[in-house]
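The values are calculated or read from the model by the stated rules, or taken from the named source; none is laboratory data. As the structure is a prediction and not an experimental result, all values here were calculated from the model. Virtual Cβ from ideal backbone geometry, glycine too; neighbours counted across all protein chains shown. Side chains are part of the model used for accessible areas, which takes the heavy atoms of the whole protein and leaves out ligands, DNA and RNA. Shrake-Rupley method; radii C 1.70, N 1.55, O 1.52, S 1.80 Å.
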Amino acid sequence: MKEWRAEKLMPGALIPLGGTARWYKTGSWRSEHPVWNEETCKQCLICWIYCPDGAIKVKEGKVIGIDYDYCKGCGICEVECPPEAIKMAEGGEPDG
Ligand code: SF4
Ligand code: SF4
């Protein structure tokens, strides 16, 4: 059996670096946006675990908001939040 090596792949088949989504403001893709309610939030961090875009902003172990530069508006955080502290709202632009 021949040895398999990544260097032998065609250059077009490789992604040069990981984390490239950081270079693009993917939040412009949204058609809905999540609205976080600080009063209702229990700080369980489930939304932070589930968000596929790392768009739940956390500081010192607590949720502090949504990073709308990268949130794509998938709505997973709304579905997973136990106390329903995140609600999706129409439109890509966050209120206020
Ligand atoms: S809507 Fe999706 S991308 Fe945006 S914060 Fe919630 S889980 Fe993350
Ligand atoms: S899942 Fe809901 S309750 Fe838990 S940290 Fe996120 S917003 Fe707060």
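Could you list log10 I(q)/I(0) for the stretch 36-91 at q = 0.25, 0.30 Å⁻¹, which the Debye formula gives when each Cα is one point scatterer?
Reported log10 I(q)/I(0), two decimals: -1.03, -1.53.
Using the basic label-point model (7 angstrom from Cα toward the beta carbon), what is the residue 9 to residue 37 distance in nanometres?
Rounded to a tenth, the inter-label distance reads 4.5 nm.
How large are Rg and Dmax for the chain when only the alpha carbon atoms are used, in Å?
My reading of the Cα-based Rg and Dmax gives 17.7, 61 Å.
If you count only protein heavy atoms with a 1.4 Å probe, what accessible area per residue comes out for the chain, rounded to a whole Å²? Kindly include the intermediate steps, with their values, before the conclusion.
Numbers: 7400 Å² over 96 residues.
Here the per-residue accessible area is 77 Å².
On the protein heavy atoms, probe 1.4 angstrom, tell me the percent of accessible surface of the chain carried by carbon and sulfur. If you can, show how the numbers build up before the last one.
Numbers: 4010 of 7400 Å².
It is 54 percent, rounded to a whole number.
Please give, to one decimal in nm, the separation of the simple spin-label points placed at residue 29 and residue 80, each 7 Å out from Cα toward the Cβ.
Once both label points are built, they end up 1.6 nm from each other.
If the rule is a partner Cβ under 4.7 Å, which cysteines in the chain fail it?
Unpaired cysteines in the chain: 41, 44, 51, 71, 74, 81.
Among the listed pairs 59/87; 8/59; 25/87, give every one whose C-alpha distance is greater than 31 Å.
Working: 59/87 21 Å; 8/59 43 Å; 25/87 22 Å.
From the list (59/87; 8/59; 25/87), the Cα-Cα distance tops 31 Å for 8/59.
Could you work out how much longer the chain between residue 89 and residue 45 gets when fully extended? Use 0.36 nm per residue separation minus the Cα distance between them, nm to one decimal.
Numbers: separation 44, 0.36 × 44 = 15.84 nm, distance 2.07 nm.
Using 0.36 nm per residue and subtracting the Cα-Cα distance, I get 13.8 nm.
Give the range of the longest stretch in the chain that excludes all trypsin sites (Lys or Arg not before Pro) found in loop regions by DSSP and having at most 13 other beta-carbon atoms within 10 Å.
Working: sites that count: 2, 5, 25, 42.
For trypsin sites (Lys or Arg not before Pro) (loop position, at most 13 other Cβ atoms within 10 Å), the longest site-free span of the chain is 43-96.
Longest exposed-loop-site-free stretch of the chain, with GluC sites (Glu not before Pro), DSSP loop and at most 15 other Cβ within 10 Å? Don't jump to the answer; show the numbers that get you there.
On the way: sites that count: 3, 38, 39, 60, 84.
Excluding the exposed sites themselves, the longest stretch runs over 4-37.
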